């Protein structure tokens, strides 16, 4: 499991409006494409520099494909990264603050200590 890779996905997709829409409309295709094309690029670096070993686990891939922020949190994805990306994707489908409140309610069953979100 790579919390770094989960966070990198959430961070890079959230910062590109085209990718936000792509992930909203085709999560499975976007996750597969991103993993193949961007997962091993070095963040904020030329695309010529790449690693070769980073990949999502099946559990991470499933949570990303299903837009499952509760599972992503349980896997160690940073909650602020999931929240900002998911707001960009889904807030428009809800009234003011409805999505944020639903996001919080979905995590309400969790108790301390929370999963470690350090990378």
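The values are calculated or read from the model by the stated rules, or taken from the named source; none is laboratory data. Model, not experiment: these values are computed from the prediction. Positions of Cβ are generated from backbone atoms using ideal geometry, with glycine treated the same way; all protein chains shown enter the neighbour counts.
Residue 63 versus (1) at pLDDT below 95; (2) under 29 Å from residue 111 (Cα atoms): which is the lone unmet condition?
For residue 63, the failing item is (1).
Hey, among the residues in segment 66-114 that are part of a helix (DSSP H, G or I) and touching a residue at least 60 places away in the same chain (Cβ under 8 Å), which one's surrounded by the fewest Cβ atoms within 10 Å (Cβ to Cβ)?
84
Which one is modelled with the lowest pLDDT among residues in segment 29-58 that are exposed (fewer than 13 other Cβ atoms within 10 Å of the Cβ) and under 29 Å from residue 102 (Cα atoms)? Give the derivation first.
The initial filter retains those residues of segment 29-58 that are exposed (fewer than 13 other Cβ atoms within 10 Å of the Cβ), namely 29, 36-37, 42-49, 51-53, 58.
In the following step, the residues that additionally are under 29 Å from residue 102 (Cα atoms) were identified as 29, 58.
Details: 29: 97, 58: 94.
Checked segment 29-58; the qualifying residue modelled with the lowest pLDDT is 58.
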